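Undergrad: Handing you a structure now.
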Amino acid sequence: MGNRIRTISVICCGCLLFILTGWINLHGDDGNPSSSIKPVSATSRNAYHRSADRSLFMGARACLDCHRSEFASWLSTEHFNNTINRFELDKDTIAKRYLEKHGSLDRCYQCHAAPKQKRFGRKFVETGTSCESCHGASGGEGGWLNRHAVYGPNTTHLEQETPQHFQNRIDFCDQAGMIRPGRQYLMAKQCMSCHLIGDPELISEDIGHPVSFDKFELLPYLNGEVRHNFHLNQRNNAKSPTLDTLRRGLSPTQRQRVYMIVEQLAKIEVAFNYLANLPNEEAFEERYADELIGIVEDGADFLDEYVEVLLEPDDSDVPPLNEAAVESLTIVLEEFEKFDDLDEPTRAAAADSARIVSKAANQFMTVMGDGSKLEALDIFFEDFGDPVGDILQP
Ligand code: HEC
Ligand code: HEC
Ligand code: HEC
Ligand code: HEC
């Protein structure tokens, strides 16, 4: 199906979108009435939890009117296709094994699809990993859906928005848990939350879910089929998000440098969090914990190399940074060493480390989040593999 959609242009695909969205509408799933997802009041949650609250998902169709090319692009990705291909339950052995054990597929929906409550009391599954799986839940009271698209009273246009209105709007959206392209660390962490599997049981031999630990690399995965930077020109899939480019003036290269670093920070933080959530301290003896510690270790190795090059660039024309400038990264490296030196790792220690990494990552974004000081990293660019999946160019 993906190939067929890829070959048609966005201009003439309005009718196709119509057919497909109608079809998605029908593609509900009421497989498990017993395990309903309880909506939680928006005000009682902080922004991070709100963005993951699937009862507040509006579904991709809520984005279609204003983001047609983004939508068309999503239809050609594995993120859209996976549910259809994988969740014909009688055919999927992983699902069958899991269902036998737990009697509910809610765990799978966390990454593979977006269930939400529908009006008629029937659980409805949005097809695939959808817009809000990455950009955060947008609905509910205090959700960002309406606010993010309004520049001011009546028909105020993009160029007419006042700086004050812009700031208030962005602050509101961030507070409401919107994960927008300008927040590169959050975006990277969002990918890792699914592409690193945090559930030892799921990947045990018993269930046999595939592990994507070693496979997921941020830049090739972002630059392939997932890329949909169409906002200011619905006919051109730009190399980096057009709105962020407009507002912060960052080149694709600058954003890539930042992604190189935040990829490692995000992997390290997410892996520490998974270690902190192991069922008990004994679980540190299992192979799964070793894999997670391996992720942290690999991340630290990459960072170490990046820090070295930033302090002493290969290219003598590139100004070197000093120790103070890379402090946020060295904090993370020290934290890893501290953890690695423990006689016995504990969940509490992993939780502490996760918090420290998160803080350091935010500090990094504040100080170097525009990528301008990271030029020395450009020597690594040619190492990146090919983009994963075709890029949609309508
Ligand atoms: C009524 C039209 C409309 C709808 C519906 C809509 N958007 Fe938007 N969206 C916009 C506009 C306009 C902007 C540009 C805002 C700006 O200039 O900051 C935008 C920007 C965005 C951005 C980029 C923000 C940034 O700061 O770079 C994302 C991500 C986004 N929308 C996601 C979504 C998702 C997901 C949905 C569905 C849940 C959705 N939008 C529904 C109009 C809409
Ligand atoms: C934490 C996120 C997460 C959860 C939870 C999860 N999956 Fe997955 N699943 C993934 C990712 C990521 C991939 C892609 C792995 C890759 O390509 O490296 C995947 C791949 C798959 C595949 C494709 C395997 C293949 O060889 O192509 C199947 C089938 C699958 N998952 C079924 C399930 C079922 C059934 C459940 C619930 C019991 C589930 N998954 C829960 C993230 C998850
Ligand atoms: C796999 C995660 C993922 C999914 C699914 C996803 N997005 Fe995005 N989106 C991103 C990322 C990441 C970026 C920024 C890309 C970058 O940094 O290179 C982005 C950028 C955007 C932008 C800004 C484009 C620009 O030119 O400024 C909009 C608008 C947007 N997405 C809307 C949507 C809509 C609507 C959907 C669903 C039809 C969707 N996204 C699905 C991850 C996702
Ligand atoms: C809500 C969970 C979730 C999030 C968030 C998520 N993904 Fe995925 N992604 C999946 C699953 C599940 C699959 C596997 C689909 C399958 O094969 O069944 C997948 C597959 C992919 C694939 C296709 C892999 C292939 O081998 O063809 C790419 C590329 C990808 N994801 C990139 C990203 C990027 C980049 C981000 C962050 C911007 C991201 N994903 C965020 C769940 C997620």
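Undergrad: Classify segment 180-394 as rounded, prolate or oblate, taking a ≥ b ≥ c as the square roots of the eigenvalues of its Cα gyration tensor: rounded when a/c is under 1.5, otherwise prolate if a/b is larger than b/c and oblate if not. Don't skip to the answer; put the middle values down first.
TA: On the way: a/c = 2.13, a/b = 1.31, b/c = 1.62.
Oblate, because a/c is 1.5 or more while a/b does not exceed b/c.
Undergrad: Suppose the chain between residue 204 and residue 100 were pulled fully straight at 0.36 nm per residue; how much longer would it get relative to their current alpha carbon spacing?
TA: 35.9 nm
Undergrad: Another question, if that's okay. Pick out, in residue order, every one of the chymotrypsin sites (Phe, Trp or Tyr not before Pro) in segment 316-392 that is DSSP loop and has at most 13 other C-beta atoms within 10 Å; say none if there are none.
TA: Answer in residue order: no site qualifies.
Undergrad: Listed highest first by mean packing, meaning other Cβ atoms within 10 Å per residue, what order do 184-192, 199-207 come in?
TA: Going from most to least packed, we get 184-192, 199-207.
Undergrad: When the solvent-accessible surface of protein heavy atoms is calculated with a 1.4 angstrom probe, in what order do 392, 243 fall, highest first?
TA: 243, 392
Undergrad: Let me ask another. Using heavy-atom solvent-accessible surface (probe 1.4 Å) with all chains present, what is the largest-first order of 302, 216?
TA: So, going from the largest accessible area down, we get 302, 216.
Undergrad: How about residue 91: which aspartates and glutamates have a C-alpha closer than 17 Å to its C-alpha, ignoring those fewer than 8 places off in the same chain?
TA: 29, 100
Undergrad: Counting only the heavy atoms of the protein chains, how much of residue 346 is accessible to a 1.4 Å probe, in Å² to the nearest 10?
TA: 50
Undergrad: Considering lysine pairs in segment 180-394 that are 8 or more places apart or on different chains, how many have Cα atoms under 19 Å apart?
TA: Taking segment 180-394 as the scope, the lysine pair count is 7.
Undergrad: Ok, one more. Kindly list the residues of segment 138-168 that lie in the label zone of residue 243, defined by a backbone N under 11 Å from the point 7 Å along the Cα-to-C-beta vector.
TA: In segment 138-168, the label zone of residue 243 (backbone N under 11 Å from the point 7 Å along Cα→Cβ) covers 145-151.
Undergrad: Which of rounded, prolate or oblate describes segment 268-375 when judged by the alpha-carbon gyration tensor and an a/c cut-off of 1.5?
TA: Taking the square roots of the gyration eigenvalues as a ≥ b ≥ c, segment 268-375 is prolate.
The values are calculated or read from the model by the stated rules, or taken from the named source; none is laboratory data. Model, not experiment: these values are computed from the prediction. Neighbour counts are summed over all protein chains in view; Cβ atoms, including those assigned to glycine, are modelled from backbone coordinates with ideal geometry. All accessible areas refer to the heavy atoms of the entire protein, side chains included, with ligands and DNA or RNA removed. Shrake-Rupley method; radii C 1.70, N 1.55, O 1.52, S 1.80 Å.
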